[in-house]
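Report on one structure; see the data block that follows.
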There are 2 protein chains.
Amino acid sequence: MDVYSAQITNLVEQLSHLPGIGAKSAQRLAFHILNMSEEQVAGLSGAMMAAKKNVRYCKECCTYTDGEICPICANPKRNHKVIMVVENTRDLAAYEKTGKYDGVYHVLHGAISPMAGVGPNDIRLSELMVRLQQDVEEVIVATNKNLEGDTTATYISKLVKPLGIKVSRIASGVPAGGDLEYIDEVTLYRALEGRRDM
Amino acid sequence: MDVYSAQITNLVEQLSHLPGIGAKSAQRLAFHILNMSEEQVAGLSGAMMAAKKNVRYCKECCTYTDGEICPICANPKRNHKVIMVVENTRDLAAYEKTGKYDGVYHVLHGAISPMAGVGPNDIRLSELMVRLQQDVEEVIVATNKNLEGDTTATYISKLVKPLGIKVSRIASGVPAGGDLEYIDEVTLYRALEGRRDM
């Protein structure tokens, strides 16, 4: 039953395709948008179109950027001999927020997942291999700590090691502020295995 | 720290102004939009602009519509002598989904709330009073079952009763503090059936 007029129904429908937005949230968003000023709607709508039109992959690290090369790859102060491999741009942003990493990145845009039909050729691995022909000292694999991330990490390790380049992976363990009794067994075991001298 | 390029940052910023969308969700949505096809982005963006431009209040019941009169008010099969007063268009949609109501609606676009500085003149009450000059037999008040909804219901009752028109309110089948749009159809139907004179 179509209780809204066609244009509202269309807007609700379009919004409900976005991830994490169900039918109810889409309705709520649609009516919020109807209550916004015309300039605000134009701003939101324009930002989408502009981003979609101008944002592309960085020619070096494959992150999203609106230039040829992203600001991190273009920065001569960063250590271009250390490359951290992440699954997506949000993970890159998470590490940038630590302010403790001065190397560069490589964004795979995915992880190997036989279950989901994602193979090595479906993520940005060949672009990584091209970069490794330059002077690179270390590849830090920072894929997620799950089945897909582990598979991807192992795959990368097997590709990179024969080139004589050091490959490391970010540590697995108890998160900062974590309460031991609430941490799962696998994490506790990994934290024990990865213990370091004090 | 600006880890994304300007146009992504702008898109994330615009999205995070939407209700229920925090910084993380806005990032997630932004990257989803970047991964959509250009046609899909144009569709979403166009739907917003079109809805904002063309959707207005129905001249009769004040709901959102893209014509002069909404489909419900224009339908001669509906009983125009019974008017259900709701707070917003989502509540109207919720009652329409029951399929058990054949009267028409009046959408207030809010509820009286002294705390939030919303008075009787800030909601569509005068438009309701104009409609009551025609041949109306009953006004069913279906505002939310909370402080604002109760206040609004009492106010409407005091306005309408002197006109010799029956005023009723949907029954307390709707739980206290409940928001109409989230209630199941059966409860809504029972609440309608059990309405009592005010």
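The values are calculated or read from the model by the stated rules, or taken from the named source; none is laboratory data. Keep in mind that this is a model prediction, so the values were computed, not measured. Every residue, glycine among them, receives a Cβ derived from its backbone with ideal geometry; neighbour counts consider all protein chains shown. Each accessible area value is taken on the protein alone, full model and side chains, heavy atoms only, with ligands, DNA and RNA left out. Shrake-Rupley method; radii C 1.70, N 1.55, O 1.52, S 1.80 Å.
Cα to Cα, under 19 Å, and not fewer than 8 places away if on the same chain: which lysines meet these conditions relative to residue B:161?
Straight-line reach from residue B:161, under 19 Å: B:81.
What is the spin-label model distance, in nm, from residue A:32 to residue B:147 if the labels are put 7 Å beyond Cα along the C-beta direction?
Each label point lies 7 Å from its Cα, and together they span 2.4 nm.
Looking at the calculated P(r) for the protein assembly as shown, what percent of the C-alpha pair distances fall above 38 Å?
Percent of Cα pairs beyond 38 Å in the protein assembly as shown: 41.
Compute the Cα gyration tensor for chain A, then decide on rounded, prolate or oblate, letting a ≥ b ≥ c be the square roots of its eigenvalues: rounded whenever a/c is under 1.5, prolate when a/b is larger than b/c in the other cases, and oblate in all that remain.
Taking the square roots of the gyration eigenvalues as a ≥ b ≥ c, chain A is prolate.
Relative to the longest principal axis of the C-alpha atoms of chain B, give the angle of the C-alpha long axis of helix B:23-35, reported between 0 and 90° and rounded to the nearest 10°.
Between helix and principal axis, roughly 70 degrees.
Of the beta bridges DSSP finds with both residues in chain B, what % are antiparallel, to the nearest 5?
Here the share of antiparallel DSSP bridges comes out near 30 percent.
Give me the accessible area buried between chains A and B, both sides summed, with a 1.4 Å probe, in Å² rounded to the nearest 100.
Accessible area lost upon association: around 5100 Å².
State the antiparallel share, in %, of DSSP beta bridges confined to the protein assembly as shown, rounding to the nearest 5.
Just about 25 percent of them are antiparallel.
Shape call for segment B:93-178 from the C-alpha gyration tensor, a ≥ b ≥ c root eigenvalues: rounded (a/c under 1.5), prolate (a/b greater than b/c) or oblate?
oblate
So which of B:77/B:97; A:77/B:24; A:97/A:166 end up more than 21 Å apart by C-alpha?
The pairs that break the limit, which is 21 Å between Cα atoms, are A:77/B:24; A:97/A:166.
Once you sort the root eigenvalues of the Cα gyration tensor of segment B:93-139 as a ≥ b ≥ c, which label holds: rounded (a/c under 1.5), prolate (a/b larger than b/c) or oblate (the other case)?
Note, shape of segment B:93-139 comes out oblate.
Compute the angle between helix A:147-160 and the longest alpha-carbon principal axis of chain A, please, reported from 0 to 90 degrees and rounded to the nearest 10.
Tilt of helix A:147-160: around 50 degrees.
What do you get for trypsin sites (Lys or Arg not before Pro) in segment A:70-106 restricted to DSSP loop and a cutoff of at most 15 other Cβ within 10 Å of the site's Cβ?
Hits after loop and neighbour filter: A:77, A:100.
Relative contact order of chain A: what whole-number percent is it, with Cα pairs under 8 angstrom and at least 6 residues apart?
13
Can you figure out the FRET efficiency of residue A:196 with residue B:24, using R₀ = 35 Å and their beta-carbon distance, to the nearest 0.05?
Once rounded, the FRET efficiency stands at 0.65.
What do you get for the angle between helix B:89-98 and the principal long axis of chain B? Use alpha-carbon atoms, 0 to 90 degrees, nearest ten.
In chain B, helix B:89-98 runs at an angle near 70 degrees to the longest axis.
With loop defined by DSSP as not H, G, I, E or B, and exposure as at most 15 other Cβ atoms within 10 Å, which is the longest segment of chain B clear of exposed GluC sites (Glu not before Pro)?
B:69-136
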